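The values are calculated or read from the model by the stated rules, or taken from the named source; none is laboratory data. Owing to the predicted nature of the structure, the values given are computational and were not obtained by experimental measurement. Neighbour counts run over all protein chains shown; Cβ positions are idealised from the backbone, glycine included.
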Amino acid sequence: MRIMTFNIRFENEHDKNNGWQYRRELVAEIIQRHAPSLVGTQEGKWQQLLYLKKYLSSYNSYMPNRVIDDTSQYPTLFYRESEVTIVQGGEFWLSKTPAIHLSKNWDSAFPRMMSYGLCLERGSKRHFLAAVTHLDHKGNEARWQQAKIINTFIQNHIGPTILMGDFNDRPGSRVHQLLTGTESELRDSWKILGREEDEKSMTHHGFTGMPKKTRMDWILVSKHFRVIDAQIIRDNSEGSYPSDHYPYMVDLDWA
């Protein structure tokens, strides 16, 4: 089973030549090329998600009871229908009032959300929980509190679990330690394979192709999975990139 997390960069008029209209075909093409069973996107605004829903021909999206507006950046699950289906799920805001649309607290620069689904892998007939999220990029306290909300949610679920997203934090940070520590059911897929934490592991590049900041895009998995391979996808079209983040992808098998 192949899993991908992909921050697709929100539609932003200030991106000029890197605007969504110039790279949206490449976003869809890369997903189709690597053919993940499940992909979790971040930063997608509603029209961006509708585009992917239309042009990812072998995929469906899971957006249950979503409140729609033109400003929200929605973490969203897309699943390849021949391999995976989502039988139930939901979403909530990472705030003190998670059911209130666009709610935010602490020092969060933006409202942040998590979307999740109980998935059925068609081949094995086994169920697993998949969740996609995006933590705040500025607020240290907000990021910590958001991670605590996610951790509580994950701890209340018993069974195979995959948590993916843009965590806007570095491996080894207190957010990372909380979500992958001794009391957590989750482990970092990159670290499971013993990969190095160096410039080549960084997943943000600001449309330049030059790695920056840190490895902030993670796929965390429970002990029910065996990590076969992991790849940071640097695909581009003549130096033009699909996003300011590299997608991150892992191949999993059942343990």
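Consider the stretch 49-76 and keep the residues that are over 16 Å from R24 (Cα atoms) and of a type in the set (G, A, S). The one that is modelled with the lowest pLDDT is S58. Here I150 does not fit the description of being more than 16 Å from I3 (Cα to Cα), loosely packed, with under 14 Cβ neighbours inside 10 Å and either in contact with a strand residue (DSSP E or B) (Cβ under 8 Å, 6 or more places away or on another chain) or in contact (Cβ under 8 Å) with a residue 12 or more places away in the chain (or both). Within the stretch 3-33, being within 21 Å of M216 (Cβ to Cβ) and under 16 Å from the mean Cα position of the chain (by Cα) holds for I3, M4, T5, F6, N7, I8, R9, F10, V27, I30, I31. Is it the case that the stretch 236-246 has a residue that's surrounded by fewer than 16 Cβ atoms within 10 Å (Cβ to Cβ), touching a strand residue (DSSP E or B) at 6+ places or on another chain (Cβ under 7 Å), at negative phi and not aromatic (F, W, Y)? No, that holds for no residue. Restricting the stretch 82-130 to residues that are out of contact with any Ser or Thr (no Cβ under 8 Å at 6 or more places or on another chain) and of a type in the set (S, T, N, Q) leaves a set whose member that is surrounded by the most Cβ atoms within 10 Å (Cβ to Cβ) is T85.
Within the stretch 180-219, restricting attention to residues that are among the polar types (S, T, N, Q) and in a loop (DSSP other than H, G, I, E, B), which residue is nearest to Y22 (Cα to Cα)? Checked the stretch 180-219; the qualifying residue nearest to Y22 (Cα to Cα) is T208. Condition first: surrounded by fewer than 18 Cβ atoms within 10 Å (Cβ to Cβ) and among the small types (G, A, S). Now tell me which residues in the stretch 15-30 satisfy that. Result: G19, single match.
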